[in-house]
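Notes for the one structure printed next.
The values are calculated or read from the model by the stated rules, or taken from the named source; none is laboratory data. Computed from a predicted structure; not experimentally measured. We place every Cβ from the backbone using ideal geometry, glycine too, and count neighbours over all the protein chains shown.
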Amino acid sequence: MLITANRNIIHLDLDTFFVSVERLFNPKLIGKPVIIGGTSDRGVVASCSYEARRYGVHSAMPMKLARNLCRDAVIVRGDMELYTKHSRLVTDIIADKAPVYEKASVDEHYIDVTGMDKFIGTLTWSQELRNTIIRHSGLPISMGLSVNKTVSKIATGEAKPNGELYVPGERTMQFLSPLSISKIPMIGDKTYRLLRSMGIVTIETLSHIPVEMMERVLGKNGIIIWKKANGIDSTPVEPYTERQSISTETTFETDSIDIVMIRNLLTSMAEDLSFQLRKKEKLTACITIKIRYSNFDTHTIQKRIPYTSFDHKLIKTAHELFDKLYQRRMLIRLVGIRLSELVHGTQQLDLFEDTGEMVNLYNAMDRIRKRFGNHAVRRAVGMKKVTK
């Protein structure tokens, strides 16, 4: 995709998405501090309303602490299937109208409307799209429109809640300069504290730091952050397609009818793909199982699922699909798994279904895998050797 100097990029972000969906079905929650997450003290906050944030509550916080900070909060155990449904609804609306769009996460989209000025005002078109989304979904959504993904995303943040902000190219630095460096995408808590220790508070100050110094302090990321602080971002809007996927398959050296072995293999394959998802900070919403029989007949079955990157959820679905698909009782030559409808995100989205211990366990296993290899930690049932 060509990168032009004068682009027009829209960023759309559904405000407190999980909370907003819950309020669609329970209007009594409107105006109240709402926390979505595990309902026990051992659970973790997955999302919270603006009213709860005023008390210091934030995502990934232990639920026990959140309850202590906001004793009047309404605690809701989330429904990822419901949130996934509404995420798809918004995506479908955008896909019906946008020339090029990217689904960045379950609640964020980028749209490249460069060149549309020739037919209709870009700002007018963007506002009409936002109003259409609000009208058809019932969900609040904020919008930023500017020359690139970084500035439009920051503009969206400044437009919240449920607002819109247009930053023309010539006003980019005027808009960015007074803002806190924490507004820049890529700057997490650790980088923020480091830059603050250097006396850097605003984006304007950061933009004047020599790029060579930023590289010495933060490596290649320092260069990227410096560019963002100067309103420079040539990152393209990556066209979203549900066909984007990762997959793996195994061909047996000898055709097999050993169902126990094959189910164990599916467990191992799902583990590997799930780890790939989490390593790339991706989520999947569709799983496909493939079987090729000894006569080379090939059959597939797929299921749309709530967004996840947890292997215990994918393993369960993989087994269910295999049991539905394998009906001919013939020797099997090949099995495979494909995960599609990928979006950016983390397992934080499943925090309302899992205890903090479960999340910590996944994080610990992933750290070991990253250091010692994908197969350093795995389920015992998936360790049976299979010839390929």
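Okay, here's what the table says:
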{"read-out": "Checklist (1) over 27 Å from residue 91 (Cα atoms); (2) modelled with pLDDT of 95 or more; (3) assigned to a strand (DSSP E or B) applied to residue 253, failing item", "value": "(2)"}
{"read-out": "Subset of the stretch 96-114 [touching a residue at least 24 places away in the same chain (Cβ under 8 Å) and not charged (D, E, K, R)]", "value": "98, 100, 101, 104, 105, 106, 109, 110, 111, 113, 114"}
{"read-out": "Which numbered condition residue 177 misses (of (1) small (Gly, Ala, Ser); (2) in contact with an Asp or Glu (Cβ under 8 Å, 6 or more places away or on another chain); (3) without any contact (Cβ under 8 Å) to a residue 12 or more places away in the chain)", "value": "(3)"}
{"read-out": "Qualifying residue in the stretch 54-62 (condition: under 22 Å from residue 156 (Cα atoms), surrounded by fewer than 24 Cβ atoms within 10 Å (Cβ to Cβ) and more than 24 Å from the chain's Cα centre (by Cα))", "value": "yes"}
{"read-out": "Which numbered condition residue 24 misses (of (1) free of Cβ contacts under 8 Å to residues at least 60 places away in the same chain; (2) out of contact with any Phe, Trp or Tyr (no Cβ under 8 Å at 6 or more places or on another chain))", "value": "(1)"}
{"read-out": "Which listed residue, of 91, 84, 39, is touching a strand residue (DSSP E or B) at 6+ places or on another chain (Cβ under 7 Å), outside any helix (DSSP H, G or I), β-branched (Val, Ile, Thr) and in the same structural domain as residue 160 (by TED's automatic domain parsing)", "value": "39"}
{"read-out": "Residues that are among the β-branched types (Val, Ile, Thr), surrounded by fewer than 17 Cβ atoms within 10 Å (Cβ to Cβ) and assigned to a helix (DSSP H, G or I), drawn from the stretch 120-155", "value": "124, 132, 134"}
{"read-out": "Where a residue in the stretch 207-219 is surrounded by 11 or more Cβ atoms within 10 Å (Cβ to Cβ) and its partner, wherever it lies, is among the polar types (S, T, N, Q) and part of a loop (DSSP other than H, G, I, E, B), with Cβ under 8 Å and at least six apart", "value": "207/177; 207/230"}
{"read-out": "Test: residue in the stretch 24-35 that is touching a helix residue (DSSP H, G or I) at 6+ places or on another chain (Cβ under 9 Å), surrounded by 24 or more Cβ atoms within 10 Å (Cβ to Cβ) and either assigned to a loop (DSSP other than H, G, I, E, B) or among the acidic types (Asp, Glu) (or both)", "value": "no"}
{"read-out": "Residue selected from the stretch 180-206 under the condition crowded, with 18+ Cβ neighbours inside 10 Å and among the aliphatic types (A, V, I, L, M), by the criterion nearest to residue 149 (Cα to Cα)", "value": "184"}
{"read-out": "Residue, farthest from residue 200 (Cα to Cα), within the stretch 220-260, restricted to residues that are buried (at least 16 other Cβ atoms within 10 Å of the Cβ) and either of a type in the set (A, V, I, L, M) or in contact with a His (Cβ under 7 Å, 6 or more places away or on another chain) (or both)", "value": "246"}
{"read-out": "Segments classed as helices (runs of 4 or more DSSP H), wholly inside the stretch 171-239, with at least 3 members that are within 24 Å of the chain's Cα centre (by Cα)", "value": "189-197, 220-229"}
{"read-out": "Selection status of residue 155, small (Gly, Ala, Ser) and touching a residue at least 40 places away in the same chain (Cβ under 8 Å)", "value": "yes"}
{"read-out": "Check on residue 334, at pLDDT 95 or above, surrounded by 20 or more Cβ atoms within 10 Å (Cβ to Cβ), over 19 Å from the mean Cα position of the chain (by Cα) and more than 25 Å from residue 102 (Cα to Cα)", "value": "no"}
{"read-out": "Criterion violated by residue 254 - all others in (1) polar (S, T, N, Q); (2) assigned by TED's automatic domain parsing to the domain that holds residue 339; (3) under 25 Å from the mean Cα position of the chain (by Cα) satisfied", "value": "(3)"}
{"read-out": "Test: residue in the stretch 85-93 that is of a type in the set (D, E, K, R), touching a Lys or Arg at 6+ places or on another chain (Cβ under 8 Å) and at pLDDT 95 or above", "value": "no"}
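Here is a yes/no grid of residues against (1) in a helix (DSSP H, G or I); (2) surrounded by fewer than 22 Cβ atoms within 10 Å (Cβ to Cβ); (3) more than 15 Å from the chain's Cα centre (by Cα):
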| position | (1), (2), (3) |
| --- | --- |
| 45 | no, no, yes |
| 52 | yes, no, yes |
| 66 | yes, no, yes |
| 75 | no, yes, yes |
| 103 | no, no, no |
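Here's the yes/no breakdown for (1) more than 26 Å from residue 132 (Cα to Cα); (2) of a type in the set (Phe, Trp, Tyr):
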residue: 28; (1), (2): no, no
residue: 48; (1), (2): no, no
residue: 55; (1), (2): yes, yes
residue: 61; (1), (2): yes, no
residue: 66; (1), (2): yes, no
residue: 79; (1), (2): no, no
residue: 95; (1), (2): no, no
residue: 98; (1), (2): no, no
